[in-house]
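Structure first, then comments.
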Amino acid sequence: MTPAGSLLVAHDLRKAYGPTNALDGAGFNIHPGEVVAVMGPSGSGKSTLLHCLAGIVTPDSGSIMYGGQEMATMNDAQRSALRRSQFGFVFQFGQLVPELTCVENVALPLRLNGASRKDAERTALARMEQLEVDDLKAKRPGEVSGGQGQRVAVARALVTDPRVLFADEPTGALDSLNGERVMELLTDAARSANAAVVLVTHEARVAAYSDREIVVRDGKSRDMERVV
Ligand SMILES: Nc1ncnc2c1ncn2[C@@H]1O[C@H](COP(=O)(O)OP(=O)(O)OP(=O)(O)O)[C@@H](O)[C@H]1O
Ligand SMILES: [Mg+2]
(Lines give C-alpha, C1' and ligand atoms only; values in the text may rest on other atoms or scores of the structure.)
(Ligands and ions follow the chains in the order given, each with its own letter.)
Protein backbone atom coordinates (compact mmCIF):
# COMPACT_ATOMS: atom_id res chain seq x y z
CA MET A 1 0.00 0.00 0.00
CA THR A 2 1.60 3.28 -1.09
CA PRO A 3 -0.02 6.35 0.44
CA ALA A 4 -1.02 8.71 -2.36
CA GLY A 5 1.33 11.61 -2.98
CA SER A 6 4.14 10.31 -0.77
CA LEU A 7 7.62 11.65 -1.44
CA LEU A 8 9.54 8.96 0.42
CA VAL A 9 8.06 5.55 1.21
CA ALA A 10 9.67 2.52 2.81
CA HIS A 11 8.27 -0.98 3.33
CA ASP A 12 9.43 -3.91 5.44
CA LEU A 13 12.98 -2.68 6.05
CA ARG A 14 15.33 -5.15 7.66
CA LYS A 15 18.88 -4.48 8.79
CA ALA A 16 20.95 -6.75 11.02
CA TYR A 17 24.25 -5.95 12.70
CA GLY A 18 25.50 -9.41 13.65
CA PRO A 19 22.83 -10.87 15.95
CA THR A 20 21.07 -7.50 16.40
CA ASN A 21 18.04 -6.79 14.26
CA ALA A 22 18.32 -3.01 14.17
CA LEU A 23 15.39 -2.90 11.73
CA ASP A 24 12.89 -5.73 11.74
CA GLY A 25 10.20 -4.90 9.23
CA ALA A 26 10.00 -1.11 9.65
CA GLY A 27 8.00 1.07 7.28
CA PHE A 28 7.80 4.80 6.71
CA ASN A 29 6.20 7.43 4.54
CA ILE A 30 6.30 11.19 4.25
CA HIS A 31 4.57 13.71 2.01
CA PRO A 32 6.18 16.80 0.48
CA GLY A 33 6.49 19.52 3.11
CA GLU A 34 5.36 17.28 5.98
CA VAL A 35 7.18 17.17 9.34
CA VAL A 36 7.29 13.62 10.75
CA ALA A 37 8.77 12.89 14.19
CA VAL A 38 10.40 9.47 14.66
CA MET A 39 10.15 8.57 18.35
CA GLY A 40 11.15 5.54 20.39
CA PRO A 41 13.52 4.30 23.10
CA SER A 42 17.31 4.26 22.79
CA GLY A 43 18.50 1.40 20.59
CA SER A 44 15.08 0.89 18.97
CA GLY A 45 16.38 1.57 15.44
CA LYS A 46 15.56 5.26 14.83
CA SER A 47 18.99 6.31 13.54
CA THR A 48 19.28 3.15 11.45
CA LEU A 49 15.89 3.91 9.89
CA LEU A 50 16.93 7.52 9.14
CA HIS A 51 20.25 6.39 7.64
CA CYS A 52 18.47 3.87 5.41
CA LEU A 53 15.89 6.42 4.25
CA ALA A 54 18.69 8.89 3.47
CA GLY A 55 20.65 6.34 1.43
CA ILE A 56 23.58 6.33 3.87
CA VAL A 57 23.03 2.73 5.01
CA THR A 58 21.79 -0.02 2.68
CA PRO A 59 19.10 -2.22 4.27
CA ASP A 60 19.43 -6.01 3.99
CA SER A 61 15.96 -6.16 2.46
CA GLY A 62 12.84 -4.09 1.92
CA SER A 63 11.92 -1.25 -0.38
CA ILE A 64 12.65 2.47 -0.28
CA MET A 65 11.08 4.63 -2.97
CA TYR A 66 12.04 8.28 -3.39
CA GLY A 67 9.94 10.27 -5.86
CA GLY A 68 8.72 6.99 -7.35
CA GLN A 69 12.20 5.49 -7.84
CA GLU A 70 13.43 2.43 -5.94
CA MET A 71 16.68 3.38 -4.21
CA ALA A 72 18.09 -0.14 -4.46
CA THR A 73 18.16 0.23 -8.25
CA MET A 74 20.43 3.28 -8.05
CA ASN A 75 24.21 2.91 -8.14
CA ASP A 76 26.45 4.65 -5.59
CA ALA A 77 27.00 7.71 -7.80
CA GLN A 78 23.25 8.12 -8.34
CA ARG A 79 22.54 7.74 -4.63
CA SER A 80 25.17 10.28 -3.67
CA ALA A 81 23.87 12.71 -6.33
CA LEU A 82 20.40 12.25 -4.85
CA ARG A 83 21.72 12.98 -1.35
CA ARG A 84 23.57 16.09 -2.49
CA SER A 85 20.70 17.56 -4.51
CA GLN A 86 17.57 16.47 -2.61
CA PHE A 87 18.51 15.86 1.02
CA GLY A 88 19.81 17.98 3.90
CA PHE A 89 21.20 16.67 7.19
CA VAL A 90 21.38 17.92 10.77
CA PHE A 91 22.96 15.74 13.43
CA GLN A 92 23.31 15.96 17.19
CA PHE A 93 26.73 17.61 17.27
CA GLY A 94 30.17 17.80 15.73
CA GLN A 95 28.98 18.51 12.23
CA LEU A 96 30.48 21.91 11.39
CA VAL A 97 33.98 22.04 9.95
CA PRO A 98 36.04 23.75 12.70
CA GLU A 99 38.57 25.33 10.33
CA LEU A 100 35.91 27.13 8.29
CA THR A 101 33.97 30.24 9.30
CA CYS A 102 30.22 29.89 9.83
CA VAL A 103 29.37 31.36 6.42
CA GLU A 104 31.93 29.08 4.73
CA ASN A 105 30.34 26.12 6.53
CA VAL A 106 26.86 27.06 5.30
CA ALA A 107 28.17 27.70 1.77
CA LEU A 108 30.02 24.36 1.62
CA PRO A 109 27.25 22.19 0.07
CA LEU A 110 26.79 24.79 -2.69
CA ARG A 111 30.55 24.90 -3.31
CA LEU A 112 30.56 21.08 -3.53
CA ASN A 113 27.80 21.36 -6.13
CA GLY A 114 30.00 23.71 -8.19
CA ALA A 115 28.82 27.23 -7.20
CA SER A 116 31.32 30.09 -7.14
CA ARG A 117 32.46 31.29 -3.73
CA LYS A 118 30.64 34.61 -4.14
CA ASP A 119 27.31 33.08 -5.19
CA ALA A 120 27.53 30.34 -2.55
CA GLU A 121 28.24 32.80 0.26
CA ARG A 122 25.46 35.15 -0.83
CA THR A 123 22.90 32.32 -0.73
CA ALA A 124 24.39 31.09 2.54
CA LEU A 125 24.01 34.49 4.17
CA ALA A 126 20.35 34.71 3.16
CA ARG A 127 19.68 31.38 4.91
CA MET A 128 21.70 32.51 7.93
CA GLU A 129 19.56 35.64 8.18
CA GLN A 130 16.43 33.50 8.26
CA LEU A 131 17.91 31.48 11.12
CA GLU A 132 19.14 34.62 12.88
CA VAL A 133 22.82 33.73 12.75
CA ASP A 134 24.04 36.04 9.95
CA ASP A 135 25.98 38.12 12.49
CA LEU A 136 28.13 35.03 13.19
CA LYS A 137 29.32 34.76 9.60
CA ALA A 138 33.01 35.43 10.28
CA LYS A 139 33.22 33.30 13.44
CA ARG A 140 34.44 29.73 13.57
CA PRO A 141 32.24 27.01 15.11
CA GLY A 142 34.44 26.91 18.22
CA GLU A 143 33.56 30.56 18.89
CA VAL A 144 29.75 30.21 18.95
CA SER A 145 27.32 28.68 21.45
CA GLY A 146 25.74 25.25 21.06
CA GLY A 147 22.37 26.69 20.04
CA GLN A 148 23.96 29.10 17.58
CA GLY A 149 26.02 26.26 16.12
CA GLN A 150 22.88 24.15 15.62
CA ARG A 151 21.19 27.06 13.85
CA VAL A 152 24.22 27.40 11.57
CA ALA A 153 23.98 23.64 10.92
CA VAL A 154 20.27 23.99 10.06
CA ALA A 155 21.12 26.86 7.67
CA ARG A 156 23.70 24.63 6.02
CA ALA A 157 21.26 21.71 5.75
CA LEU A 158 18.69 23.95 4.02
CA VAL A 159 21.06 25.94 1.81
CA THR A 160 20.63 23.66 -1.22
CA ASP A 161 16.81 23.84 -0.95
CA PRO A 162 16.50 20.11 -0.19
CA ARG A 163 13.19 18.29 -0.59
CA VAL A 164 13.84 16.32 2.63
CA LEU A 165 15.64 17.47 5.76
CA PHE A 166 16.87 14.59 7.94
CA ALA A 167 17.46 15.64 11.54
CA ASP A 168 18.76 13.14 14.13
CA GLU A 169 18.33 14.51 17.68
CA PRO A 170 19.03 18.06 16.42
CA THR A 171 18.48 19.55 19.87
CA GLY A 172 19.93 16.68 21.90
CA ALA A 173 22.93 18.69 23.09
CA LEU A 174 20.97 21.86 23.92
CA ASP A 175 19.12 23.12 26.97
CA SER A 176 15.35 23.26 26.64
CA LEU A 177 15.11 26.97 25.78
CA ASN A 178 17.72 26.75 23.00
CA GLY A 179 16.22 23.46 21.86
CA GLU A 180 12.78 25.03 21.46
CA ARG A 181 14.24 27.95 19.54
CA VAL A 182 16.18 25.67 17.16
CA MET A 183 13.08 23.53 16.60
CA GLU A 184 10.94 26.55 15.89
CA LEU A 185 13.45 27.94 13.39
CA LEU A 186 14.10 24.52 11.84
CA THR A 187 10.42 23.73 11.26
CA ASP A 188 9.60 27.30 10.11
CA ALA A 189 12.52 27.35 7.67
CA ALA A 190 11.67 23.89 6.36
CA ARG A 191 7.97 24.76 5.98
CA SER A 192 8.73 27.99 4.13
CA ALA A 193 11.05 26.05 1.77
CA ASN A 194 8.38 23.30 1.48
CA ALA A 195 10.97 20.73 2.59
CA ALA A 196 9.74 17.58 4.32
CA VAL A 197 11.41 16.90 7.69
CA VAL A 198 12.27 13.51 9.19
CA LEU A 199 12.94 14.37 12.80
CA VAL A 200 14.40 11.77 15.16
CA THR A 201 13.89 12.66 18.82
CA HIS A 202 13.35 11.23 22.29
CA GLU A 203 11.53 14.25 23.52
CA ALA A 204 7.77 14.69 23.36
CA ARG A 205 8.12 18.47 23.42
CA VAL A 206 10.25 18.32 20.25
CA ALA A 207 7.79 15.95 18.60
CA ALA A 208 5.09 18.56 19.26
CA TYR A 209 6.55 20.52 16.31
CA SER A 210 5.67 17.67 13.94
CA ASP A 211 2.56 16.99 11.86
CA ARG A 212 2.67 13.26 12.61
CA GLU A 213 4.58 10.75 14.73
CA ILE A 214 6.04 7.38 13.91
CA VAL A 215 7.11 5.25 16.87
CA VAL A 216 9.95 2.75 16.48
CA ARG A 217 10.27 -0.17 18.88
CA ASP A 218 12.57 -3.19 18.44
CA GLY A 219 13.15 -2.27 14.80
CA LYS A 220 9.44 -2.11 13.99
CA SER A 221 7.53 1.09 13.29
CA ARG A 222 4.03 2.23 13.95
CA ASP A 223 2.11 5.31 12.80
CA MET A 224 0.62 7.18 15.75
CA GLU A 225 -2.48 9.30 15.86
CA ARG A 226 -1.57 12.47 17.71
CA VAL A 227 -3.23 12.43 21.13
CA VAL A 228 -3.66 16.04 22.16
N1 LIG B 1 27.04 0.25 13.03
C2 LIG B 1 26.51 -0.58 13.92
N3 LIG B 1 27.13 -1.71 14.27
C4 LIG B 1 26.59 -2.56 15.15
N5 LIG B 1 25.39 -2.38 15.77
C6 LIG B 1 24.72 -1.26 15.45
C7 LIG B 1 25.23 -0.29 14.53
N8 LIG B 1 24.33 0.71 14.42
C9 LIG B 1 23.33 0.40 15.25
N10 LIG B 1 23.55 -0.79 15.87
C11 LIG B 1 22.63 -1.46 16.81
O12 LIG B 1 21.33 -1.45 16.24
C13 LIG B 1 20.34 -1.12 17.20
C14 LIG B 1 19.59 0.14 16.74
O15 LIG B 1 20.50 1.24 16.79
P16 LIG B 1 20.09 2.73 16.42
O17 LIG B 1 21.32 3.52 16.42
O18 LIG B 1 19.30 2.70 15.18
O19 LIG B 1 19.15 3.10 17.65
P20 LIG B 1 18.46 4.48 18.05
O21 LIG B 1 17.00 4.23 18.17
O22 LIG B 1 18.91 5.55 17.11
O23 LIG B 1 19.05 4.75 19.50
P24 LIG B 1 19.44 6.16 20.22
O25 LIG B 1 18.13 6.77 20.61
O26 LIG B 1 20.22 5.72 21.41
O27 LIG B 1 20.22 7.00 19.26
C28 LIG B 1 21.06 -0.98 18.52
O29 LIG B 1 20.97 -2.20 19.21
C30 LIG B 1 22.48 -0.69 18.12
O31 LIG B 1 23.38 -1.15 19.09
MG1 LIG C 1 20.08 7.30 17.34
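The values are calculated or read from the model by the stated rules, or taken from the named source; none is laboratory data. Fair warning: this is a prediction, and the values are worked out from it, not measured in the lab. Here the Cβ is made from the backbone with ideal geometry for all residues, glycine too, and neighbour counts use every protein chain on show. Surface accessibility is based on the protein's heavy atoms, side chains included, excluding ligands, DNA and RNA. Shrake-Rupley method; radii C 1.70, N 1.55, O 1.52, S 1.80 Å.
Given the protein chains as shown and a 1.4 Å probe, how many square angstrom of I64 are accessible, to the nearest 10?
Near enough 10 Å² of accessible area.
Using only the Cα atoms of the stretch 87-205, what semi-axes does the equivalent ellipsoid have when each is the square root of 5 times a gyration tensor eigenvalue? Give whole Å, largest first.
Semi-axes, largest first: 21, 16, 12 Å.
If r is the Cβ-Cβ distance from S80 to Y17 and R0 is 22 Å, what FRET efficiency results, to the nearest 0.05?
The calculated FRET efficiency here is 0.45.
Rounded, prolate or oblate: pick one for the stretch 124-186, where a ≥ b ≥ c are the square roots of the eigenvalues of its C-alpha gyration tensor, a/c under 1.5 means rounded, and failing that, prolate if a/b is larger than b/c, else oblate.
oblate
May I ask for the distance between the Cα centers of the stretch 1-41 and the stretch 138-159, given as a whole number of Å?
Here the answer is 29 Å between Cα centres.
Specify the inter-centroid distance of the stretch 46-121 and the stretch 160-226, based on alpha-carbon positions, in whole Å.
About 17 Å separates the Cα centre of the stretch 46-121 from the one of the stretch 160-226.
Starting from the residue with the highest accessible area, list M65, M74 in decreasing order, probe 1.4 Å.
Accessible-area ranking of M65, M74, largest first: M65, M74.
Lysine pairs in the chain with Cα distance under 17 Å, only those 8 or more apart or on different chains: how many are there?
Number of lysine pairs found: 4.
Quick check: the angle from helix 146-158's long axis to the longest principal axis of the chain, C-alpha only, nearest 10 degrees?
Its long axis makes an angle of about 70 degrees.
Counting only helical runs of four or more DSSP H residues, what would the 222 nm mean residue ellipticity of the chain come to if each run contributes -39,500 (n - 2.57) and the total is spread over all its residues?
-10500 deg cm²/dmol
What are the extents of the Cα atoms of the chain along their three principal axes, listed from largest to smallest and rounded to whole Å?
Cα spread of the chain along its principal axes, largest to smallest: 47, 40, 36 Å.
Where does the stretch 101-160 land on the Kirkwood hydrodynamic radius, alpha-carbon pairs, in angstrom?
10.8
Give the longest segment of the chain that steers clear of GluC sites (Glu not before Pro) in DSSP loops with at most 11 neighbouring Cβ atoms within 10 Å, not counting the sites themselves.
100-224
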